[in-house]
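First comes the structure, then the notes that go with it.
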Amino acid sequence: MAVDAAFAQRLPKIELHAHLTGSISRGTLHDIWRIKKDEDPSLALPDPLVAIPPGVVIDLNTFFPLFSSYIYQLCSDLPSIEFSTKRVLSDFQADGVVYLELRTTPRASPAHNISKDLYVSTVLSILRSHNADPANTLHATLILSIDRRNSLPEAHDTVDLALKHRPFGVVGVDLCGDPAVSGIAKFAPAFQRAKEAGLGITLHFAEATASATDEELRELLRWQPGRIGHVIHVKEEIKDEIVKQGVGVELCLSCNVQLKMHGDGGYEGHHFGWWRGAGVGVALSTDDVGVFESPLSEEYRLAAEHFELTKDDVRKLCEGAVETIFGSEAEKERLRVMYREWDGWTG
Ligand code: IMP
Ligand code: ZN
């Protein structure tokens, strides 16, 4: 009953922590760059396959600038946003993902006449047309991210956008961005408003020591998130509080290992080993598959390899993740039935 690559690929999977721009593959970035370069041979931006060569070692210092200094320059006009979003969805679907909560930070591009509102409605329209095609087995919803660098009024704007676009597929809000940026307590009123309005709340939590002070973690838990992401530098009493509150955890093995976010512990030393038995929902997730190049099926395979998971363990993991999604009750039921009836559990 080995959980091998073929099993992990066939397994219907739930992805709950994926940043849209970080999920764009190098190949897709290259295709966008090619179109732009053909239209304008004087384009100064280098080929993404040269600027971010596959296999290049990225650390926490070079990771965040990758977006601001390169990827956003390439993907800020409407055709590129539409093209890359479509590709991200088809990449997840090809990997056997059946439910996706994609997250993105609303981003205005004045040079292209794009407001944050237009950015969100453009991404949502791609998600909706994907979902409307009965040939597609993947259903996608959207979470809007608040970046740690934002001001409180900007955070409120994001909550407003989430509420405005909720009927069209937004299911929650997220706190993301460089963990070295401090001062998250100011966002409390925005997240409180989102919570009161019934939006799902997910927060990047203790992903670096700088963002893992007692003060910050207790503040974040006061916002009553439905899920938290990474959850690396967490001491026992905070773990107890997370379990007591029943918060789901989104764990990203390859991202953490490649960026050495939990030191040199490798896969065996990953905190998945602790959380899988903690009694809360655990959603294995990719974070930024375009950067780390480890699709969700590979994350399941790696977890199985390093933590000796049986098919039954994987089943419990998947069924636990279902209960933490921000999607509708109907969506949850679709996933429950899918796992109940899946023919891959035996044999
Ligand atoms: P976007 O929100 O679709 O533009 O996706 C890229 C953005 O996601 C980056 O600029 C970061 O702010 C955020 N992001 C991606 N990965 C991480 C992570 O591991 N921690 C915190 N923020 C992240
Ligand atoms: Zn993330």
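The values are calculated or read from the model by the stated rules, or taken from the named source; none is laboratory data. A quick note: this is a predicted structure, and the numbers were derived from the prediction, not measured. Glycine also receives a Cβ, built like all others from the backbone with ideal geometry; neighbour counts cover every protein chain displayed. All accessible areas refer to the heavy atoms of the entire protein, side chains included, with ligands and DNA or RNA removed. Shrake-Rupley method; radii C 1.70, N 1.55, O 1.52, S 1.80 Å.
Where the second residue is surrounded by 21 or more Cβ atoms within 10 Å (Cβ to Cβ) and the first is of a type in the set (S, T, N, Q) and lies in the stretch 241-265, which pairs have Cβ atoms under 6 Å and are six or more apart or on separate chains?
Filtered contacts from the stretch 241-265: SER254/PHE292; GLN258/PHE292.
For a quick check of your reading: which helices (runs of 4 or more DSSP H) sit entirely within the stretch 1-86 and have at least 1 residues that are within 16 Å of ligand 2 (Cβ to nearest atom) and modelled with pLDDT under 95? Outline the logic, then answer.
On the way: elements: 5-10, 26-39, 48-51, 60-66.
Answer list for the stretch 1-86: 60-66.
Taking SER129 as the residue in question, decide whether it is assigned to a loop (DSSP other than H, G, I, E, B) and polar (S, T, N, Q).
Working: assigned to a loop (DSSP other than H, G, I, E, B): no; polar (S, T, N, Q): yes.
Criteria not met by SER129.
Can you tell me which residue among ALA197, ALA162, ALA140 is over 14 Å from ARG103 (Cβ atoms) and either touching a His at 6+ places or on another chain (Cβ under 9 Å) or not acidic (Asp, Glu) (or both)?
Details: ALA162 fails: over 14 Å from ARG103 (Cβ atoms); ALA140 fails: over 14 Å from ARG103 (Cβ atoms).
The conditions single out ALA197.
Can you go through ASP240, ASP264, ASP214 and tell me which one is modelled with pLDDT under 95 and more than 16 Å from ligand 2 (Cβ to nearest atom)?
Values: ASP240 fails: modelled with pLDDT under 95; ASP214 fails: modelled with pLDDT under 95.
From the options ASP240, ASP264, ASP214, the qualifying one is ASP264.
Identify, please: which residue in the stretch 96-152 is surrounded by 14 or more Cβ atoms within 10 Å (Cβ to Cβ), among the hydrophobic types (A, V, I, L, M, F, W, C) and in contact with a Lys or Arg (Cβ under 6 Å, 6 or more places away or on another chain) and is, among those, farthest from GLN192 (Cα to Cα)?
VAL97
Restrict the check to the stretch 89-111 and report whether at least one residue is within 16 Å of ligand 2 (Cβ to nearest atom), within 16 Å of the chain's Cα centre (by Cα), modelled with pLDDT of 95 or more and of a type in the set (S, T, N, Q).
Within the stretch 89-111, one or more residues are within 16 Å of ligand 2 (Cβ to nearest atom), within 16 Å of the chain's Cα centre (by Cα), modelled with pLDDT of 95 or more and of a type in the set (S, T, N, Q).
Any residue at all in the stretch 327-342 that's more than 24 Å from PHE7 (Cα to Cα) and surrounded by 22 or more Cβ atoms within 10 Å (Cβ to Cβ)? Break it down into steps so the answer makes sense when it comes.
Keep residues of the stretch 327-342 that are more than 24 Å from PHE7 (Cα to Cα), which gives 327-330.
Applying the additional criterion that residues be surrounded by 22 or more Cβ atoms within 10 Å (Cβ to Cβ) yields 327.
Yes, there is a match, as at least one residue in the stretch 327-342 is more than 24 Å from PHE7 (Cα to Cα) and surrounded by 22 or more Cβ atoms within 10 Å (Cβ to Cβ).
Go through (1) open to solvent by less than 10 Å² (accessible area, probe 1.4 Å); (2) touching a Ser or Thr at 6+ places or on another chain (Cβ under 9 Å) for ALA155 and report which single condition fails.
(2)
State all residues of the stretch 184-227 that are open to solvent by 60 Å² or more (accessible area, probe 1.4 Å), polar (S, T, N, Q) and touching a residue at least 12 places away in the same chain (Cβ under 8 Å); if no residue qualifies, say none.
The answer is GLN192, THR209, GLN224.
Check the stretch 145-166 and report whether any residue there is over 20 Å from PHE64 (Cα atoms), of a type in the set (A, V, I, L, M, F, W, C), touching a helix residue (DSSP H, G or I) at 6+ places or on another chain (Cβ under 9 Å) and part of a strand (DSSP E or B).
From the stretch 145-166, those over 20 Å from PHE64 (Cα atoms) are 152-153, 156-166; that's our starting set.
The next check asks that each one be of a type in the set (A, V, I, L, M, F, W, C); those that pass are 152, 159, 161-163.
Narrowing the set further to residues that are touching a helix residue (DSSP H, G or I) at 6+ places or on another chain (Cβ under 9 Å) leaves 152, 159, 161-163.
Cutting the leftovers down to part of a strand (DSSP E or B) gives us none.
Within the stretch 145-166, none of the residues are over 20 Å from PHE64 (Cα atoms), of a type in the set (A, V, I, L, M, F, W, C), touching a helix residue (DSSP H, G or I) at 6+ places or on another chain (Cβ under 9 Å) and part of a strand (DSSP E or B).
Being over 30 Å from TRP345 (Cβ atoms), among the hydroxyl-bearing types (Ser, Thr, Tyr), touching a residue at least 24 places away in the same chain (Cβ under 8 Å) and out of contact with any Phe, Trp or Tyr (no Cβ under 7 Å at 6 or more places or on another chain): is that true of TYR70 here?
Yes; evaluated as a whole, the condition is true for this residue.
Please state which one of SER129, SER121, SER125, SER145 is within 16 Å of ligand 2 (Cβ to nearest atom) and either closer than 23 Å to ILE325 by Cα or within 20 Å of the chain's Cα centre (by Cα) (or both).
Values: SER129 fails: within 16 Å of ligand 2 (Cβ to nearest atom); SER121 fails: within 16 Å of ligand 2 (Cβ to nearest atom); SER125 fails: within 16 Å of ligand 2 (Cβ to nearest atom).
Sole residue among the options that is within 16 Å of ligand 2 (Cβ to nearest atom) and either closer than 23 Å to ILE325 by Cα or within 20 Å of the chain's Cα centre (by Cα) (or both): SER145.
State whether the residues of the stretch 313-320 include one that is over 24 Å from LEU66 (Cβ atoms) and within 16 Å of ligand 2 (Cβ to nearest atom).
There is no residue in the stretch 313-320 that is over 24 Å from LEU66 (Cβ atoms) and within 16 Å of ligand 2 (Cβ to nearest atom).
Considering only the stretch 81-88, I want to know if a residue exists there that is open to solvent by 20 Å² or more (accessible area, probe 1.4 Å) and either among the polar types (S, T, N, Q) or more than 17 Å from the chain's Cα centre (by Cα) (or both). Even if it seems obvious, please write down each step before you answer.
Applying the first criterion (open to solvent by 20 Å² or more (accessible area, probe 1.4 Å)) to the stretch 81-88 yields 82-83, 86-87.
Checking which are either among the polar types (S, T, N, Q) or more than 17 Å from the chain's Cα centre (by Cα) (or both) leaves us with 82-83.
Yes, there is a match, as at least one residue in the stretch 81-88 is open to solvent by 20 Å² or more (accessible area, probe 1.4 Å) and either among the polar types (S, T, N, Q) or more than 17 Å from the chain's Cα centre (by Cα) (or both).
Report, ordered by the first and then the second residue, all pairs with beta carbons closer than 6 Å, sequence separation of six or more or different chains, a first member in the stretch 1-24 that is under 13 Å from ASP95 (Cβ atoms), and a second member that is at pLDDT 95 or above and within 12 Å of ligand 2 (Cβ to nearest atom).
That search, which allows pairs on different chains as well, returns GLU15/SER285; ALA18/LEU102; ALA18/THR286; SER23/VAL289.
Conditions tested, residue by residue: (1) closer than 22 Å to VAL88 by Cα; (2) of a type in the set (Val, Ile, Thr); (3) open to solvent by 20 Å² or more (accessible area, probe 1.4 Å).
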position: PHE272; (1), (2), (3): no, no, no
position: TRP275; (1), (2), (3): no, no, no
position: SER285; (1), (2), (3): yes, no, no
position: ASP288; (1), (2), (3): yes, no, no
position: GLU293; (1), (2), (3): yes, no, yes
position: LEU309; (1), (2), (3): no, no, no
position: VAL314; (1), (2), (3): no, yes, no
position: ALA321; (1), (2), (3): yes, no, no
